[in-house]
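Let me begin by presenting the structure, written as structure tokens, before commenting on it.
The values are calculated or read from the model by the stated rules, or taken from the named source; none is laboratory data. The structure displayed is predicted, hence computed values, not measured ones. We place every Cβ from the backbone using ideal geometry, glycine too, and count neighbours over all the protein chains shown. For accessibility, only protein heavy atoms count, side chains too; no ligands or nucleic acids. Shrake-Rupley method; radii C 1.70, N 1.55, O 1.52, S 1.80 Å.
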Amino acid sequence: MHPRCLLSITALPQADAEQLLLNAGRCVSWIQRGGQLKSSSLRGTSTLLLFAENSTRTRVSFELAGKLLGSDTINISSKGSSIEKGESLRDTAMTLAAMHFSCVVMRHEAADSAEHFARWYPGPVLNAGAGRGEHPTQALLDAFTLQRHGLLRPGAKLAIVGDLTHSRVARSNLALLARFGVEVTLVGPPNLTPSAWRVGAGLGPPAPGASEKAGQDPPLRWTPDLDSILPELDAVMLLRVQHERMAGGEMSTQDEYSKLYGMNRRRLGMLRSDALIMHPGPVNRGVEAGEDVFSDPRCVINEQVESGLALRAALLAWALERELDF
Ligand code: CP
């Protein structure tokens, strides 16, 4: 039997995506009621968190979700593990397989790292962010956040703004939100937008194992002009400028970037009063968003973090084929 893996959003069947969002709704109510009461949904399981790239939100929410549901969680990072000594992902996977973890959650700088690891690991593998490739759990938690506000529906208008070239968040969100009929416009400087996206081509070929519906390649809309579309949006998703993934020369200056694409007081005035402001985090304050954004009632950045905890709890139960007992 094939283990339940989440390697890319395109490979996740639509029925599973919808069930995960439903279960995330149960989890968020449970967490808000004081989920510290603990559940035994994942009792007797072990979850390995393998983070070879830095993370706060993703790693901690997976670990907390696992613990709240009764799974034993163990962390390894590249620092302090044999990855730092040069052990390959394949050998790491085979070594961990011998320890029989029920599930592995992994983040790595290579875009194909989760697929590669899963070829050598016999159990469920969850991609917690792979280089410039995909960040499927971020897309699911963003979809869940939109759903909490009635915006995961055909015709809802969302802009994804910023450093599109280096963004795994943009790639996974585009693929997932299109399935729900959300109208996404990409907004970013030409030199931080893949050329195929600028001319409206699709995302590229679906991942191996993609479901038929997931494999549809949505037409892309792109504009470099944020101000021209701000007033019509239901939600704006700001992307983190990925300085660490740039070779150099892609960005003029941070001041120039924030003038053209940063959310500031003037742009807050152009957004509808019921629009949402999202950001996956961590935010480069003063670049993608000015201080006014964080006190604006339309800002749901911290709610996205709560959504992430709930969604990852639902996802662990899905991967381990366990029912939630609350
Ligand atoms: N959004 C996100 O992946 O944040 P972390 O890098 O803190 O996990």
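Using the heavy atoms of the protein chains alone and a 1.4 angstrom probe, what is the accessible area of segment 84-193 per residue in square angstrom?
Solvent-accessible surface per residue comes out at 32 Å².
When we measure straight from the Cα of Lys67, which lysines land under 20 angstrom away, once same-chain ones fewer than 8 places off are left out?
Lys38
Pick out which of Thr193, Thr56, Thr145 has the largest mean-square fluctuation in a Gaussian network model of the chain, springs linking Cα atoms closer than 10 Å.
The residue that fluctuates most here is Thr56.
Which percent of Cα-Cα pairs in the chain sits in each 20 Å bin, short to long?
All Cα pairs, binned at 20 Å, distribute as 33, 58, 9 percent.
What percentage of the solvent-accessible surface of the chain, computed with a 1.4 Å probe over protein heavy atoms, is contributed by carbon and sulfur atoms? Mind dumping the intermediate values first?
Numbers: 7160 of 13910 Å².
For the chain, the apolar C and S fraction of the accessible surface comes to 52 percent.
State the extension gain, in nm to one decimal, for the chain segment bounded by Arg33 and Val199, taking 0.36 nm per residue of separation less the distance between their alpha-carbons.
Numbers: separation 166, 0.36 × 166 = 59.76 nm, distance 4.74 nm.
So the extension gain works out to 55.0 nm.
Which is the longest stretch in the chain that no exposed loop site breaks, taking sites as trypsin sites (Lys or Arg not before Pro) with a DSSP loop state and at most 10 other Cβ atoms within 10 Å?
86-326
Pick out which of Gly262, Gly150, Gly123 has the largest mean-square fluctuation in a Gaussian network model of the chain, springs linking Cα atoms closer than 10 Å.
In the Gaussian network model the winner is Gly150.
Would you calculate a helix-derived [θ] at 222 nm for the chain, using -39,500 (n - 2.57) for each DSSP H run of n ≥ 4 and dividing by the full residue count, to the nearest 500?
Calculated from helices alone, the mean residue ellipticity at 222 nm is -10500 deg cm²/dmol.
Relative to the longest principal Cα axis of the chain, at what angle does helix 301-319 sit, 0 to 90 degrees, rounded to 10?
30
To the nearest 10 degrees, how steeply does helix 57-68 sit against the main Cα axis of the chain, on a 0 to 90 scale?
Between the helix axis and the principal axis of the chain, the angle is about 40 degrees.
Nothing charged except the Cβ atoms of Lys and Arg (+1) and of Asp and Glu (-1): what's the magnitude of the dipole of segment 222-326 about its Cα centre? Round to the nearest 20 debye.
Details: 11 positive and 18 negative charges, 41 e Å.
Using Cβ point charges on Lys, Arg, Asp and Glu, segment 222-326 gives about 200 debye.
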